[in-house]
Structure formats: structure tokens, C-alpha cells
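Trainee: This is the structure, below, for whatever I ask next.
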């Protein structure tokens, strides 16, 4: 049932936001620092823990996997709502960090795509 996936996603999101707010307050920013990222990591951990601890029915497992895969577009949508104007006016560090992270992702796609693939033994 997809409702379990939604419940797990919502719970991980709330805990991640709480952790991000606490971290932001601890470093003196007064805002959320990485709450969505913490939520994503928590979702991965909970998903794996549930797979190992209890055998899930087919529908429940499909629901959890569906919402786990939907989390990436949700993160991108949330990131798109951040205040880019403030980041740009805050200095060049934000721009350099964003460009560096984007370039790293672009160049690592071929490397990551090869992980887990069996090596092909082609004899000519």
C-alpha cells in the first residue's frame, strides 16, 4: 500500500527538518541547514532497515519503493524554492559551491552508472 510509503516519507521529512533547524540554530544561522538532505538519508536508512527487519508484502514494498524514488524530484522542487537572490548577494562562495557541485555531478554520472554492472568479457 502506497500509504505506508507516504507515512515513512512524511516522518523522515519532519525529523530531517527538525535536525536541520537544530543544526542551523547551533551554528548561529537561524535557518534550516540540510534538513531535506537529512530527511533523504533517513529515508534510505529506514527503507533498508525495514527490508532487513520485517518481510514486507508486495504492495507495501511497492509503495515504499515508489515514494523512495519520488523523493529525489521532491528534493529538487524544494531546492528550487530557495532564495537564490540572497545566495548570490551573499558572496561568490555560494556561486562557486553551486557550480562546483553541479560539475562534479555531471562528471561523476558515468562513473556511478558503472557501479554494480558486471564486467563484460568480449573476445574478438
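The values are calculated or read from the model by the stated rules, or taken from the named source; none is laboratory data. Because the structure is predicted, anything quoted here is derived from the model rather than measured. We place every Cβ from the backbone using ideal geometry, glycine too, and count neighbours over all the protein chains shown.
Trainee: Report yes if residue 16 is without any contact (Cβ under 8 Å) to a residue 12 or more places away in the chain and either under 14 Å from the mean Cα position of the chain (by Cα) or part of a helix (DSSP H, G or I) (or both), otherwise no.
Mentor: no
Trainee: Would you point out which residue out of 38, 66, 107 is surrounded by 10 or more Cβ atoms within 10 Å (Cβ to Cβ), assigned to a helix (DSSP H, G or I) and modelled with pLDDT of 85 or more?
Mentor: The conditions single out 38.
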